[in-house]
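Notes follow the structure.
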Amino acid sequence: MTLQYLIFDASDDGEGTGTWDAMASVRVADVPAVQAEVQAVLTWAERHSPGPRGPLDEGGAWDADEQVQTDGDWTTVTLTITGPWEWGEALVAHWAPGD
């Protein structure tokens, strides 16, 4: 599966931890498709987990946060994933379109 809606942007803290933000802004009719992508990404993250999910400052190896905001006919879905840099880059590469 290639992601059709979510687009990831990565940032590295310089100490081996990264943050990957994915965002999609869609009309209401496309929200279920975006939610399906979010669920697929989270399922992959859990299956390939580098350790327990939870806040990193509380001992978690990775974590994720989803925000949904509706403004008129548009809904913005934001998924933020934090974890080890190599793991997160593998996650993003898994969803990248093939060459």
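Scanning the stretch 13-44 for residues that are hydroxyl-bearing (S, T, Y) and free of Cβ contacts under 8 Å to residues at least 60 places away in the same chain yields a count of 2. Only a single criterion out of (1) surrounded by 13 or more Cβ atoms within 10 Å (Cβ to Cβ); (2) of a type outside the set (F, W, Y); (3) without any contact (Cβ under 8 Å) to a residue 40 or more places away in the chain; (4) outside any loop (DSSP other than H, G, I, E, B) is not satisfied by A10, namely (3).
Screening S25, S11 for residues that are modelled with pLDDT of 95 or more, in contact with a Ser or Thr (Cβ under 9 Å, 6 or more places away or on another chain) and of a type outside the set (D, E) leaves exactly one candidate, S25. Checking each residue in the stretch 49-66 for being out of contact with any helix residue (DSSP H, G or I) (no Cβ under 7 Å at 6 or more places or on another chain) and assigned to a loop (DSSP other than H, G, I, E, B) picks out S49, G51, P52, G54, P55, G59, G60, A61.
The values are calculated or read from the model by the stated rules, or taken from the named source; none is laboratory data. The structure presented is a predicted model; accordingly, all values stated were derived computationally and were not measured. A quick note on method: Cβ atoms are made from the backbone with ideal geometry, for glycine too, and the neighbour counts reach across all protein chains shown.
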